[in-house]
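Report on one structure; see the data block that follows.
Here, each number is a calculation from the coordinates, and none is a lab measurement. Computed from a predicted model, the values in this text were never measured in an experiment. Heads up, the Cβs are rebuilt from the backbone with ideal geometry, glycines too, and the neighbour counts pull from every protein chain shown.
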Amino acid sequence: MIGRSEVIIFLGPPGAGKGTQAGRIASMLGVPAISTGEMLREECRSGSELGEAVSKIIASGKLVSDGVVNQIVSKRLERPDCETGCILDGYPRTVEQARFLDRLLRKRGVAPPTVIDFDVDCQAILARLGGRRQCVKCGKIFSFGQAAGSVQLFCDLDGNPLVTREDDSQEVVGERLRVYARSTLPLVRYYRQRKYHRIQAVKEPEAVTAEILSLLSAGRRPVRRTPANRRLTFAAGLHA
């Protein structure tokens with residue numbers, strides 16, 4: 001069961017670098033990085049009836065239902081490694097999920113979450129995901145940018161092939177970003193009056209890591225809010 005350490009939410013569109021930063025920050029803080037996307041993919045690989053249903057949803061770029069995701073996250077937070085806190089990567093994705101998490105944390109005596117919002121231009125996201133590959137066995141993700149010649153074929157850890165995930169294809173990525181614009185951006189309005197920080201995530205990974213650590217250390221330091229027109233520009237760019 002989670003203790004009183006603060007839960008940290010990494011909020012932002014797919015391909016914003018949340019997974020990379022979650023792994024780095026979690027290692028530095030000694031807490032688990034919990035990726036709901038990876039938990040769902042594990043369920044898909046299990047071959048269960050639920051996994052088959054979730055697999056079809058993920059492949060189409062749609063969102064899995066709030067009830068299913070909430071159940072998975074609630075069970076995960078019961079594990080002993082969450083006693084000193086955790087980083088949530090990819091959850092919540094809707095306001096209803098955020099409200100569920102608030103109720104869950106209050107029930108367990110945990111402080112409200114700290115939110116780090118990754119702000120990235122949609123064109124940069126398309127370029128990032130176009131160069132991303134994943135090991136078929138261990139699941140490690142490799143990013144190679146846009147230069148096709150720089151893409152390796154096998155995993156550094158176990159030598160297994162690297163493949164493009166179904167949900168990283170150009171068509172699915174476009175749908176994922178449109179779903180994000182419709183369903184997940186309202187989370188910014190939900191969280192912005194709380195412990196909310198927005199960062200420009202297009203910088204080098206080391207610089208992003210340093211900024212996140214600085215914000216977490218500063219605690220209650222005021223942050224610049226995201227202008228409404230900046231968010232509308234992001235959403236409009238998905239349909240260009």
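Overview of results
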item	result
Residues satisfying the stated conditions in the range 85-126, i.e. within 17 Å of VAL179 (Cβ to Cβ) and either polar (S, T, N, Q) or in a helix (DSSP H, G or I) (or both)	THR94, VAL95, GLU96, GLN97, ALA98, CYS122, ILE125, LEU126
Residues (touching a helix residue (DSSP H, G or I) at 6+ places or on another chain (Cβ under 9 Å) and of a type outside the set (A, V, I, L, M)) located in the range 106-121	PRO112, PRO113, THR114, ASP117, PHE118, ASP119, ASP121
Number of the condition not met by SER55 [criteria: (1) in contact (Cβ under 8 Å) with a residue 12 or more places away in the chain; (2) crowded, with 17+ Cβ neighbours inside 10 Å; (3) closer than 23 Å to PRO14 by Cα]	(1)
Identity of the residue in the range 1-29, assigned to a helix (DSSP H, G or I) and basic (Lys, Arg), that ends up surrounded by the most Cβ atoms within 10 Å (Cβ to Cβ)	LYS18
Any hit, the range 30-40, residues being part of a helix (DSSP H, G or I) and in contact with a Ser or Thr (Cβ under 6 Å, 6 or more places away or on another chain)	no
